[in-house]
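Student: Take a look at this one; I'll ask things after.
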Amino acid sequence: MQATRQLAERIAGTDYESIPPEARTVGKQALMDFIGVAVAGAREPLAEILADRIAGDGGHPQAVLVGRPNRASVRQAAWFNGSAGHAHDYDDVHLAMTGHPTVPVAPVVLALAEHRGRTGAEAVAAFCAGVDTECILGRYAGTGHYSAGWHATATLGSFGAAAAACALNELDAATTAAALGIAGTRAAGLKAQFGTMCKPLHAGEAAANGVEAADLAARGFTSRADILETDQGFMATQSPTSDLRRFGRALGQPAYTQDICFKYHAACYLTHSSIEASRQLRESNGFGPDDIAEVEIRVDPGHFKVCNIQEPATGLEAKFSLRFTAAMALAGLETVSIGAFTDELTTDERLVALRDRVQVKAHDTPTPDSIVTIRTGDGAEYTRACNVAIPMTDLDAQWRKLEAKFEALVGPSLGANAAASLIDGCRRLDEIEDLTPLFNALQTDS
């Protein structure tokens, strides 16, 4: 099976009309959500470092740096915006790729759509092509890629970013296959970096890789046209569970964007089910932190290598701690705001004491649920199972939830009027021919 070529043909053949309506809608929602988290992350320490690097390097002002006053080259903008969009780990996820689908792809779509003067419909189509690519490759790779320690947002994200760039550059299938080869040989990112600035940098690097892969391929840069399936290629070296039969089935699915799951807690997505279960138990049973004798959280063993930092010492590490995030929920602290996770909070004596009463264990039998059991000092026991990784089907309700999140993220930086204007623009994105006003609205005055 010529997997790389077949995927390239699908990317090159993607157009707005061929995308299912629900995928188009969720695509617009995902782009809006990305803008929100990128604006919120644009002034984080890691973003300041990257912005300083970009200023030092210089470059053509081709595309906006979201949430900042200046523009940069397309590659630089993709690099910065992708990193800023993942700074708070508040961006969406997709189970098919075991990672964050939007954050490597959206920066490419925004930067190239601005530079190339593309329409909103073309931007939505390119975005969906990128997400589809990541998800198809996630199915192809199976569980072994992520389990081996690769960060799929970085690796599969590089392919998704390249796909979106190829679509917006209107490359044919042969050139797209070459771009996938270039992206594949540059794809990297290690889960060992979770809890550091390198994790959000993975998203920016993937976006930049995609921009460069498409640009180089368009200029005639050569690459293997079978990078996915060849011996010593991407799947052979990076996934012990890759299966071409799964690839064939995945390629036959019309769309994947509609199955994006959005985040409503500003922490690692694998902590969300236990946060929700803990919060629901506290609210429905009325006990307080001092009433709790012990807490047991049962999760899939895969969580242990991602979000099981036992004693987080920083706000960033706290986002990757099942124990700490559960303690926050049980203490009645909010986990929605990006400002909730501070370094100071990790030293709060009462919260640390509650964290230390939480144990994380693996399920006895496989289940996608996170199961939280709380035992109080008087001997009572309460249990709740939760699984947040189920895409919403009520897309009107999803708009409302995402708009509330967007306003909270964007309002403090750009103002309420700009937030409202951007929401309206994203809702009507596929109707807009000239996106210039939307891009201008993404900038700050200083």
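Student: With the checklist (1) surrounded by 13 or more Cβ atoms within 10 Å (Cβ to Cβ); (2) closer than 22 Å to Val26 by Cβ; (3) more than 22 Å from the chain's Cα centre (by Cα); (4) touching a residue at least 40 places away in the same chain (Cβ under 8 Å) in hand, flag the one item Val388 doesn't pass.
Tutor: All conditions are met except number (3).
Student: Being buried (at least 18 other Cβ atoms within 10 Å of the Cβ) and touching a Pro at 6+ places or on another chain (Cβ under 7 Å), is that true of even one residue in region 244-257?
Tutor: Taking every residue of region 244-257 in turn, at least one turns out to be buried (at least 18 other Cβ atoms within 10 Å of the Cβ) and touching a Pro at 6+ places or on another chain (Cβ under 7 Å).
Student: Pairs only if they're at least six apart or on different chains, beta carbon under 8 angstrom, first in region 1-19 and in contact (Cβ under 8 Å) with a residue 12 or more places away in the chain, second part of a helix (DSSP H, G or I) and open to solvent by 50 Å² or more (accessible area, probe 1.4 Å); list them, first residue then second.
Tutor: Met1/Leu244; Ala3/Leu244; Ala8/Ala174; Tyr16/Glu122
Student: Among the residues of region 304-353, count how many are assigned to a helix (DSSP H, G or I) and surrounded by fewer than 22 Cβ atoms within 10 Å (Cβ to Cβ).
Tutor: Selection size over region 304-353: 16.
Student: Also, I was wondering about something else. Among the candidates Ala225, Ala192, Ala188, which residue alone is outside any loop (DSSP other than H, G, I, E, B) and either more than 23 Å from the chain's Cα centre (by Cα) or at negative phi (or both)?
Tutor: Checking each option against the conditions leaves just Ala192.
Student: Identify all residues within region 26-48 that are surrounded by fewer than 20 Cβ atoms within 10 Å (Cβ to Cβ), in contact (Cβ under 8 Å) with a residue 40 or more places away in the chain and either under 18 Å from the mean Cα position of the chain (by Cα) or assigned to a helix (DSSP H, G or I) (or both); write none if there are none.
Tutor: Glu44, Pro45 - these are the residues of region 26-48 that are surrounded by fewer than 20 Cβ atoms within 10 Å (Cβ to Cβ), in contact (Cβ under 8 Å) with a residue 40 or more places away in the chain and either under 18 Å from the mean Cα position of the chain (by Cα) or assigned to a helix (DSSP H, G or I) (or both).
Student: Out of Pro391, Pro368, I need the residue that is assigned to a loop (DSSP other than H, G, I, E, B) and in contact with an Asp or Glu (Cβ under 6 Å, 6 or more places away or on another chain). Which one? Working first, answer last.
Tutor: Numbers: Pro368 fails: in contact with an Asp or Glu (Cβ under 6 Å, 6 or more places away or on another chain).
Just a single option satisfies the conditions, and that option is Pro391.
Student: Just one of the numbered conditions (1) assigned to a loop (DSSP other than H, G, I, E, B); (2) in contact (Cβ under 8 Å) with a residue 12 or more places away in the chain; (3) open to solvent by 20 Å² or more (accessible area, probe 1.4 Å) is not true of Gln280; which one?
Tutor: Of (1) assigned to a loop (DSSP other than H, G, I, E, B); (2) in contact (Cβ under 8 Å) with a residue 12 or more places away in the chain; (3) open to solvent by 20 Å² or more (accessible area, probe 1.4 Å), only one is false for Gln280: (1).
Student: Can you pull out the residues in region 231-243 that are buried (at least 23 other Cβ atoms within 10 Å of the Cβ) and either in a helix (DSSP H, G or I) or of a type in the set (D, E, K, R) (or both)?
Tutor: Matches in region 231-243: Phe234, Met235.
Student: Search region 94-115 for residues being touching a strand residue (DSSP E or B) at 6+ places or on another chain (Cβ under 6 Å) and either open to solvent by 10 Å² or more (accessible area, probe 1.4 Å) or basic (Lys, Arg) (or both), and hand back the single one that is farthest from His265 (Cα to Cα).
Tutor: Of everything passing the filter in region 94-115, His115 is farthest from His265 (Cα to Cα).
The values are calculated or read from the model by the stated rules, or taken from the named source; none is laboratory data. Every value quoted in this text rests on a predicted model; they were computed, and no experiment measured them. Backbone-built Cβ (ideal geometry, glycine too); neighbour counts: all protein chains shown. Note: accessible area is taken over every heavy atom of the protein model, side chains too, but ligands, DNA and RNA are not part of it. Shrake-Rupley method; radii C 1.70, N 1.55, O 1.52, S 1.80 Å.
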